[in-house]
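Taking it in order: structure first as structure tokens, then the write-up.
The values are calculated or read from the model by the stated rules, or taken from the named source; none is laboratory data. Keep in mind it's a predicted model, so treat the numbers as computed, not measured. Every residue, glycine as well, gets a Cβ built from its backbone with ideal geometry; the counts of neighbours run over all protein chains shown. Please note that ligands, DNA and RNA were not included when accessible areas were found on the heavy atoms of the full protein model with its side chains. Shrake-Rupley method; radii C 1.70, N 1.55, O 1.52, S 1.80 Å.
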Amino acid sequence: MRTTGIARGLALAAVAAMAGPAAAVDVEIDGRLQVGYTYFDSSAQGHGGTIGDDKGQSRIGIAARQAIAGSTAALGRAEVGLDPDTFGNDDEDSSNPFRAREAWVGIQGTAGQLRAGRLPGAYKQVGGIHWDLMNATELQQRRAGGMTGGAYGNDGFINSLVEYRTHSLAGIELLIQYGFDDRSDDDVDRSGDDLLVGGIYREGPWELIGAYSRDDSLPAGENRNWKLGARFDTGEASLAYQYEKVRVRDRIDDASVERDSGTLTLNPITPEETFDFDTRHHMVGLSQAYGMRMLWLAWGYMDADDDDFDIYNYTIALNRLFSQGMRWYTGVQYQDRGRGYDSRHLTVFTTGLRFDF
């Protein structure tokens, strides 16, 4: 006999009654908008300017939390990125103004936190970008010598991961991620057998980190990154150092600026070209607060197997906080990109506004 809509409704009501009253769901919408002007001056390829958020800092997300029992809670989050200066493409065939960032569901209890979905890599979640005051601006260390990029490095997100995170135990917090999905019959990277591990130790002003990532899609021996780092932070000032050895291939930052005098292209020999050699990265960062202002000094160095592809960068920047969510930033970065890059020496000046809400 076919079940009617009324019968289905009564059945659902009975299930809800047996489960007891539903706990309230706490929902929070948050976001970040950033727009800046950047001027590039290359010793070998001219100069030019851009305006926008080319490093993808702008995003909007929604997070939900619901108490289950005792200290156990259900968690979920979805987040998309956007370009505040254009808000998508005017072309009717590609008019979606958003790009995928993260989306996951999880549970948190006395044993830690378990979540699954599209996640930032454990390698990315510790150290690195959280220590770089100019991360996701044109003055960042990521893909400018001081840090690697890539989803298995300090950039991007990875599909189809399961993550377990411990609570802090004697100052130690561990993250373990694994890809259990082995499908290969679609166009989505499912991260089968990928492994990422991160660890943080905090004691007073000290923070020590270590991380490892393995991309199982590459041949054995050529698919591993690891890093170690330390930061001393007094609240008013901080000093950080991070070292990486990278074998999951990456690229440097790229940009293209059209001008009457020609095109300024900032990239390896061909656009989106990845390195076919190992790299080592060193980043040193120093910050000092002056009231509502924060001075940032950084040095980055990419040491490549091929000496022609070494990169040095020197950065000085100032952040001015107007409120908890609003800041103005400005600064300059000088890059010595070696003989392996057409742009050779590069000076980057940028200034912009960022609003967190």
Hey, if we sort 142, 344 by accessible area with the 1.4 Å probe, largest down, what's the order? 344, 142
In nm, spacing of pseudo-spin labels at residue 67 and residue 30 (7 Å Cα→C-beta vector): 2.1 nm
Once both label points are put 7 Å beyond Cα along the C-beta direction, the residue 37-residue 245 separation in nm becomes 4.6 nm
Put 328, 296 in order of accessible area, largest first, probe 1.4 Å, and you get 328, 296
For region 272-357, with only Lys/Arg (+1) and Asp/Glu (-1) charged at the beta-carbon, what is the dipole magnitude about the Cα centre, in debye rounded to 20? 1000 debye
With 10 Å bins from 0: P(r) over the chain, alpha-carbon pairs, percent: 5, 20, 30, 26, 11, 4, 3, 1
The chain - mean residue ellipticity at 222 nm from DSSP helices (-39,500 (n - 2.57) per run, n ≥ 4, rounded to 500): -1500 deg cm²/dmol
With every protein chain present, what accessible area does residue 178 have (1.4 Å probe, heavy atoms only), rounded to the nearest 10 Å²? 60 Å²
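Can you tell me the FRET efficiency between residue 292 and residue 85 if r is taken as the Cβ-Cβ distance and R0 is 30 Å, rounded to the nearest 0.05? Walk me through the numbers on the way to the answer.
Numbers: r = 26 Å, r/R0 = 0.88.
That gives a FRET efficiency of 0.70.
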Region 277-309 versus region 316-356: alpha-carbon centroid distance in Å: 13 Å
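Send over a whole-number figure in Å² for the accessible area per residue of the chain, probe 1.4 Å. Please report the intermediate quantities before stating the final value.
Details: 18120 Å² over 357 residues.
Result: 51 Å² per residue.
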Please work out how much accessible surface residue 246 shows to a 1.4 Å probe, ignoring ligands, DNA and RNA, in Å² rounded to 10. 10 Å²
For a quick check of understanding: with a 1.4 angstrom probe and all protein chains in place, what accessible area in square angstrom does residue 27 have, to the nearest ten? 90 Å²
In nm, give the distance between the simple-model label positions of residue 316 and residue 100, each being 7 Å from the Cα along the Cα-to-Cβ direction. 4.3 nm
Rounded to 10°, Cα long-axis angle of helix 5-19 versus longest principal axis of the chain: 80 degrees
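Where does each of 252, 129, 68 land when they are ordered by accessible area, with a 1.4 Å probe and the largest first?
Values: 252 5, 129 25, 68 100 Å².
From most accessible down to least: 68, 129, 252.
Determine the share of the chain's accessible area contributed by carbon and sulfur atoms, expressed in whole percent, with a 1.4 angstrom probe. Don't skip to the end; give the middle numbers.
Details: 10410 of 18120 Å².
Roughly 57 percent, rounded to a whole number.
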With springs only between Cα atoms under 10 Å apart, run a GNM on the chain and tell me which of 113, 66, 324 wobbles the most. 324
Among 340, 106, 235, whose mean-square fluctuation peaks in a Gaussian network model of the chain (Cα, cutoff 10 Å)? 235
